[in-house]
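Read the structure below first, then the notes.
The values are calculated or read from the model by the stated rules, or taken from the named source; none is laboratory data. Remember, it's a predicted structure, so these values are computed and weren't measured experimentally. Because the Cβ atoms are built from the backbone with ideal geometry, glycine has one as well, and the counts that use them run over all protein chains shown.
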Amino acid sequence: MKQGKIVRVAGPLVIASECLGAKMYDMVKIGSIGLIGEVIELKEDRAYIQVYEDTTGIGPGEPVFLTGLPLSVELRVFVATPKDPRKDLFRFSWREEEPARRCLEYFEALREDR
């Protein structure tokens, strides 16, 4: 994993140098605690990073780890399954395994029911 160095912190904005190879919208990890951020601007070897967590305690000289991956999140899927269809009772649960696949299957099933 490539590594840069923090030059300046201004609230949620972190400016890091030595970030050649970084790309717009890449996810980065900030400092030794690994705060999550996203590259929002590039100038020469500097990356301007929007940090999505509190930057208190982060300062110049700390490392910035370039993941080379776009910022992404995995969404949870809320599922209601019939407990007793005759009484319209449902059991609700969170399912975390393969949420994208389940969403796709859900919408395909809806389309087939039309």
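Among the residues of segment 48-63, is any under 30 Å from Ala109 (Cβ atoms), of a type outside the set (Gly, Ala, Ser) and at pLDDT below 95?
Looking through segment 48-63, none of the residues is under 30 Å from Ala109 (Cβ atoms), of a type outside the set (Gly, Ala, Ser) and at pLDDT below 95.
Name the strands (runs of 3 or more DSSP E) wholly inside segment 1-75 in which the number of residues that are surrounded by 19 or more Cβ atoms within 10 Å (Cβ to Cβ) and more than 15 Å from the chain's Cα centre (by Cα) is 3 or more. Full working, then the answer.
Details: elements: 2-10, 13-17, 26-30, 35-43, 46-51, 63-70.
Result: 2-10, 13-17.
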